[in-house]
1. So what is the orientation-averaged projected area of the chain, using the convex hull of its C-alpha atoms, in nm²?
2. Can you give the convex hull volume per residue for the Cα atoms of the range 94-162, as a whole number of Å³?
3. So if each residue of separation counts as 0.36 nm, and I subtract the Cα-Cα distance between Arg3 and Ala37, what length gain in nm does that give?
4. Pick out, in residue order, every one of the trypsin sites (Lys or Arg not before Pro) in the range 68-156 that is DSSP loop and has at most 15 other C-beta atoms within 10 Å; say none if there are none.
5. Identify which of Gly19, Gly64, Gly207 has the largest mean-square fluctuation in a Gaussian network model of the chain, with springs joining Cα atoms closer than 10 Å.
6. Using Cα centres only, tell me the gap between the range 149-170 and the range 28-67 in whole Å.
7. Would you mind computing, in nm to one decimal, how far apart the modelled labels at Ala102 and Val121 are, each placed 7 Å from Cα along Cα→Cβ?
8. Enumerate the amide H contacts of Gly103 below 5 Å, restricted to partners 5 or more residues apart or on another chain; note that Pro and chain-start residues carry no placed amide H.
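Read-outs: derived from the displayed coordinates by stated rules, not from any lab. As the structure is a computational prediction, the values presented were derived from the model and not from experiment. Virtual Cβ from ideal backbone geometry, glycine too; neighbours counted across all protein chains shown.
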Amino acid sequence: MGRCVRAALTGMTAAELPGEVIVVDNGSRDDSRRVAAEAGAWVVREPRRGYGNAYLAGFAAARGDYLVMGDSDCSYDFGELSRLLAPLRAGDADYVLGSRFAGNILPGAMPWTHRYIGNPVLTQMLNRMFGLRTSDAHSGMRAFTRAAYERMAPRHGGMELASELVVAAAAARLRVTEVPITYHPRSGASKLHSLRDAARHVRFMIGYAARHRDELRRLAVAPAG
């Protein structure tokens, strides 16, 4: 945790941008809160468990013009913040997705089942169902402007937030681009439950498609990003 926070602070310095590092605690039972605070983070508590709830709490607390999300397990390289933020700062995009598959996945960083089956299958399902062109729909490193986030208005508290952000960006007609990133082996044990989390993504996609059928027809005619 401390190494991750310090890397994010260093990344902001390298990008020559002021900012804050927010760590959301939604049920840790170790020293994470103390370690994060001592490393320079603002620790926000969120009583509801879940990947999405943690990020939604962090976004709500953030005060900057740009919002960057990244997991606190050192798998994402915050030294690449300049690359991630460049399209936003240039005014060329509203939303930037850091693509692991367009970048570099280091040995041991991703199980082969996720690299060759899970992520590609779910990404292709999302692309086909919603008329998109993304290469890594479940990347945990993304950046968007505050205005773009408000237009997306995400609300899902679980892992399906990753899919929701991609679809909501297209529905809001945001200017979306991808940049290649480096994906590192994680520090600590993974909290992912592959089959359960994949099922949640699929249920979200099917449910969203059923609720927004007319809107999706328009997206299919003019796909985003």
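1. Result: 11.4 nm².
2. Per-residue hull volume (Cα only) is 107 Å³.
3. Extending this stretch completely gives an extra 11.1 nm.
4. Passing sites in the range 68-156 are Arg133, Arg155.
5. Answer for the Gaussian network model of the chain: Gly207.
6. 18 Å
7. 2.5 nm
8. For Gly103, the qualifying residues are Ile181.
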